[in-house]
Amino acid sequence: MKLSDVQKRLQSPFPAHMVAWKAVAISKDRSRALLLAHIDARAVQDRLDAICPDHWEFSVEVIPGTPVPTVKGRLTVLGVSREDIGQAPDGDLSTLKAAASDALKRCAVHFGIGRYLYDLPRTWGDWDDTKRQPTHTPELPDWARPDHERTPGGAHLMQAMDQLRYELPEDLDLQREVYRHLKAALGSLHPDQQPPLGQPKNGHTGRAA
């Protein structure tokens with residue numbers, strides 16, 4: 001087994017309940033916060049254990065003389081290693097353990113694990129300052145969810161978008177496959193309103209009477 005064999009599985013979105021939201025800025029009255037999506041280190045470990053349980057390892061090296069606990073992490077997956085720096089946040093969580101968790105997550109991003117979260121826009125939301133969490137969990141878009149959590153047409157759209165990412169194929173059968181996914185997506189998203197591609201909404205064929 002090579003890294004390229006499991007790359008797509010490593011990069012796949014996590015279930016929505018495993019995505020947490022933290023505040024990177026809070027309003028003066030502490031009722032609103034600018035939210036950033038993230039996963040914890042345990043989610044990374046679970047992903048690696050599920051895909052290549054006997055073929056990954058992680059080590060850290062403490063970096064001395066820094067204002068907050070800081071380590072250099074090294075994650076090796078199927079013989080390929082990636083390194084990155086991890087730092088602990090200020091306050092009660094400022095520990096070497098927190099720095100190691102941060103390093104693991106940063107190293108994992110080099111393998112595509114959780115990288116899609118960086119593409120999510122930061123969003124302002126209501127903030128519960130007592131519980132240190134958003135009042136309502138932000139909704140993730142279809143593309144940031146695993147297949148089984150997407151809306152009825154979402155999975156079809158994702159397949160079509162993946163294909164179109166490399167431009168329309170020259171092969172006629174592949175073009176028909178893209179067409180089929182788009183048609184299924186439109187039908188699933190608007191089953192009562194959307195006619196088949198190429199057919200006018202009034203149901204007529206466009207021929208003269």
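Taken together, the values in this text are just the output of simple stated rules run on the coordinates, not laboratory data. Predicted model only: the values in this text are computed from it and were never measured. Cβ: placed from backbone, ideal geometry, glycine included. Neighbour counts: every protein chain shown.
Using only side-chain charges placed at the Cβ, +1 for Lys and Arg and -1 for Asp and Glu, the dipole size of region 1-90 relative to its Cα centre rounds to 380 debye.
Placing +1 on the Cβ of every Lys and Arg and -1 on the Cβ of every Asp and Glu, with no other charges, gives region 30-138 a dipole of roughly 220 debye about its Cα centre. For Leu10, the shell of other residues with beta-carbons less than 11 Å away shows a net charge of +3, using +1 for Lys and Arg and -1 for Asp and Glu. Evaluating 6.51 cos²θ - 1.76 cosθ + 1.60 at θ = phi - 60° for every residue in region 20-37, the Karplus couplings come out as 9, 10, 10, 8, 9, 7, 10, 5, 4, 8, 6, 9, 9, 9, 8, 9, 10, 7 Hz, glycine and proline recorded as x. Local charge for Thr151 was computed over the other residues whose Cβ lies under 13 Å away, with Lys and Arg +1 and Asp and Glu -1, and equals -2.
Show me the ranking of peptides 100-111, 64-75 by mean Cβ neighbours inside 10 Å, starting with the highest.
So the peptides 100-111, 64-75, ranked by packing, come out 100-111, 64-75.
Over the Cα atoms of region 1-154, the radius of gyration divided by the Kirkwood radius equals 1.00; this is the Rg/Rh ratio.
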